[in-house]
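First the structure, in the form of structure tokens, and then the observations on it.
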Amino acid sequence: MSDATPYDALLLLSFGGPEGPDDVMPFLENVTRGRGIPRERLAAVAEHYLHFGGRSPINDQNKELLTQLRVELDARGLGGLPLLWGNRNWEPYVTDVLREAHEAGARKVLTVFTSAYSSYSSCRQYREDLGKSLQALAEEGRELEVDKIRHYFNHPAFTEVNAQAVADALEDLPAETRTGARVVFVTHSIPDAMNDVSGPPAAGGGAYVRQHEAVAAEVARQASLRAGHDLPWDLVYCSRSGPPTQPWLEPDVNDHLRALHADGVPGVVVAPIGFVSDHMEVKFDLDTEAAETAEEIGLPFSRAATVGAHAQFVAGLVDLVEERAEEARGGHPARPTSGALGASHTVCPVDCCRNLRAALPAATGEDFRAPAVAHG
């Protein structure tokens, strides 16, 4: 029998997404509030959602992940652990979900983010939103404590499922292209400055790129073993949204596909290791735009699956839940990793992944029960 004490609820915290055309612009305004994004830029991004009927795929994918988490928790004897779902930018909003959890008796909640890496947008912003939610609830007289599992970018379950996905996608390429095919690992671009301050300052910054490079190398190594030959690879980016004057991580996936074709690469496997599920950046930026680029230039193209609600990935998340619970009880569990980097910190340092838009650093790290965090 597993033990989740001292936690009395598990929260899946995600980005959120619109459920229909009327939700699209309000959702994008939520996402970009306070950043001065021009209305015409929001309208351009809205077209990505409207291309799919105005409904983000992320909500259904989170529901499926919740279903599979419930199955895995029940199988380990954790059927009594309430499983919650909250979003940062759309319903169900995390503040409302935590309020309901408190009303149901929860006092100490463990959180799983649907992002695996270190950066302001993929970790600290989630922590800031949790801090603001808990501050609002404290003002209502509702006291809660919230912790999170460690970053899981290099957990064996994450890398192994991604490696199998790459190997499977390679088989979807024409047989004559497979030996010389290149794996193009893709993640969300962020501003160079955000990458520079990702991770703890004591580690020198650059954690976002460093972690992706380590995962790409490990996934390529494992996929090469499955394929029976070495798979060359590159790390590229998608979904840039900043002004042209602001440096963002490059190269763009579409530019890179054209460059590979010009160099005579016979085929590509595009592997979205930066994403947990097939949400909008995958469905539009890769399955639509990048696939169209490949077709336009005549480059055989296969897209690897994300980890989604794969049983092995789900089991890995529950392993991390049990690991964090044991640590909270004062234990010293094994902290398995795969690849060149060691296990990430359990508690984010207060100055980790600094908010570049904040006047002052956040007052807390993972200790969300403290009263204040900086507002981005």
Checklist entry - Quick one: is Leu13 part of a helix (DSSP H, G or I) and under 21 Å from Thr95 (Cα atoms)? => result no
Item to check | In the stretch 226-258, residue nearest to Leu341 (Cα to Cα) [restricted to those that are modelled with pLDDT of 95 or more, surrounded by fewer than 13 Cβ atoms within 10 Å (Cβ to Cβ) and more than 25 Å from the chain's Cα centre (by Cα)] | outcome: Asp230
Checklist entry - How do the pairs read when you match residues in the stretch 219-234 that are closer than 15 Å to Val265 by Cβ with residues anywhere that are basic (Lys, Arg) and surrounded by 14 or more Cβ atoms within 10 Å (Cβ to Cβ), using Cβ under 6 Å and keeping only pairs 6 or more apart or on different chains? => result Pro232/Arg182
Checklist outcome for this item: Screening Val270, Val276, Val209 for residues that are in a strand (DSSP E or B) and modelled with pLDDT of 95 or more leaves only Val270
Checklist entry - Say we look at the stretch 83-140 and pick out the residues that are surrounded by fewer than 20 Cβ atoms within 10 Å (Cβ to Cβ) and touching a Pro at 6+ places or on another chain (Cβ under 8 Å); which of these is nearest to Val24 (Cα to Cα)? => result Trp85
Item to check | Some residue of the stretch 123-140 being more than 25 Å from the chain's Cα centre (by Cα) and in a loop (DSSP other than H, G, I, E, B) | outcome: yes
Next on the checklist: Condition check: buried (at least 16 other Cβ atoms within 10 Å of the Cβ), out of contact with any Leu (no Cβ under 8 Å at 6 or more places or on another chain) and small (Gly, Ala, Ser). Does Gly316 satisfy that?
Outcome noted: yes
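What do you reckon, is Glu322 over 17 Å from the mean Cα position of the chain (by Cα), surrounded by 14 or more Cβ atoms within 10 Å (Cβ to Cβ) and in contact (Cβ under 8 Å) with a residue 24 or more places away in the chain?
Numbers: over 17 Å from the mean Cα position of the chain (by Cα): yes; surrounded by 14 or more Cβ atoms within 10 Å (Cβ to Cβ): yes; in contact (Cβ under 8 Å) with a residue 24 or more places away in the chain: yes.
Criteria met by Glu322.
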Checklist entry - Tell me, which residue of the stretch 182-212 that is out of contact with any Ser or Thr (no Cβ under 8 Å at 6 or more places or on another chain), aliphatic (A, V, I, L, M) and crowded, with 24+ Cβ neighbours inside 10 Å is nearest to Leu341 (Cα to Cα)? => result Val186
Next on the checklist: I'd like to check something: does the stretch 258-274 contain any residue that is touching a Phe, Trp or Tyr at 6+ places or on another chain (Cβ under 8 Å), more than 15 Å from Ala294 (Cβ to Cβ) and either touching a residue at least 40 places away in the same chain (Cβ under 8 Å) or charged (D, E, K, R) (or both)?
Outcome noted: yes
Next on the checklist: Name the single residue that is nearest to Arg39 (Cα to Cα) among those in the stretch 235-257 being in contact (Cβ under 8 Å) with a residue 24 or more places away in the chain and of a type in the set (Val, Ile, Thr).
Outcome noted: Val253
Item to check | Test: residue in the stretch 46-66 that is at pLDDT 95 or above, aromatic (Phe, Trp, Tyr), surrounded by 19 or more Cβ atoms within 10 Å (Cβ to Cβ) and not assigned by TED's automatic domain parsing to the domain that holds Ala217 | outcome: no
Checklist outcome for this item: Pairing a residue in the stretch 180-208 that is assigned by TED's automatic domain parsing to the domain that holds Val253 with any residue that is assigned to a helix (DSSP H, G or I) and of a type in the set (Lys, Arg), where Cβ atoms lie under 8 Å and the two sit 6 or more apart in sequence or on different chains, gives Gly199/Arg210
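The values are calculated or read from the model by the stated rules, or taken from the named source; none is laboratory data. All figures in this text were calculated on a predicted structure; none of them were measured in a lab. Virtual Cβ from ideal backbone geometry, glycine too; neighbours counted across all protein chains shown.
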